[in-house]
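**Q** Mind looking over this structure? Questions follow.
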Amino acid sequence: MPGLETAIQLEFEVYEAGNSDHEAAAQLAQAWQAAEHPRMLPLGPEEMSAHPMGLVAFLREGEDPEDERVFAGYNAVVHKYEDGTLEVGGLIVNPELRKRGIALAIKEEIVRRLNEVYPDEKIITFVNENSHAVNKRVGFEEVGFEEVPAGALDLCAACPSKTELDIGKICCDTPLALRRR
């Protein structure tokens, strides 16, 4: 999005459903989840390879193209609903690289690609207090649960936090939709 460019320079790799080339990213995602969010739905190689589109971000250690790349983060289109709505979820930033603008850079990139690849589809996400601000900065705005497609809350039944489930209260309890220009 114009005006939101960040100073950090990341390299992105995009993959589509069925691509399991990102085993290392999946392992890092699993380790992050186990350490920081053990009550979330599982996110491993199987789940990641089932996402319609995934975006893996890497940070190169130096200026030389031969320098090692470090896993910086991940975000994905995690589901496509029957009405064509796409759900973006699974924002992960390498804990060792936090507070450097990586979450914003990843969200900017996935929104840019969504606008190119899916210009007419409705894009939604569910956020919590940790991801609300970055999603709003890239063009998502709050919507009511009535604007969420049928089946979007079905995963809640399998969520380890479901015992805390109450109407309108889920771990990622605020639905947002991408505002299109």
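**Q** Tally Lys/Arg at +1 and Asp/Glu at -1 over every other residue whose Cβ is under 15 Å from the Cβ of Gly84; what's the total?
**A** -3
**Q** I would also like to ask the following. What's the local net charge at Ile102, with K and R +1, D and E -1, over the other residues with C-beta under 11 Å away?
**A** Result for the neighbourhood of Ile102: +1.
**Q** For segment 73-117, what log10 I(q)/I(0) values come out of the Debye formula at q = 0.31 1/Å, with one point per alpha carbon and no solvent?
**A** Values returned for q = 0.31 Å⁻¹ are -1.12.
**Q** Hey, with R₀ at 35 Å, roughly what FRET efficiency would Asp173 and Glu61 work out to, going by the Cβ-Cβ distance, to 0.05?
**A** Rounded to the nearest 0.05, the efficiency is 0.40.
**Q** Under the rule a/c < 1.5 gives rounded, and otherwise a/b versus b/c splits prolate from oblate, where does segment 66-140 land using the Cα gyration tensor?
**A** prolate
Bear in mind that the values in this text are calculations on the coordinates, not laboratory data. Quick caveat, the model's predicted, so the values are computed rather than measured. Glycine also receives a Cβ, built like all others from the backbone with ideal geometry; neighbour counts cover every protein chain displayed.
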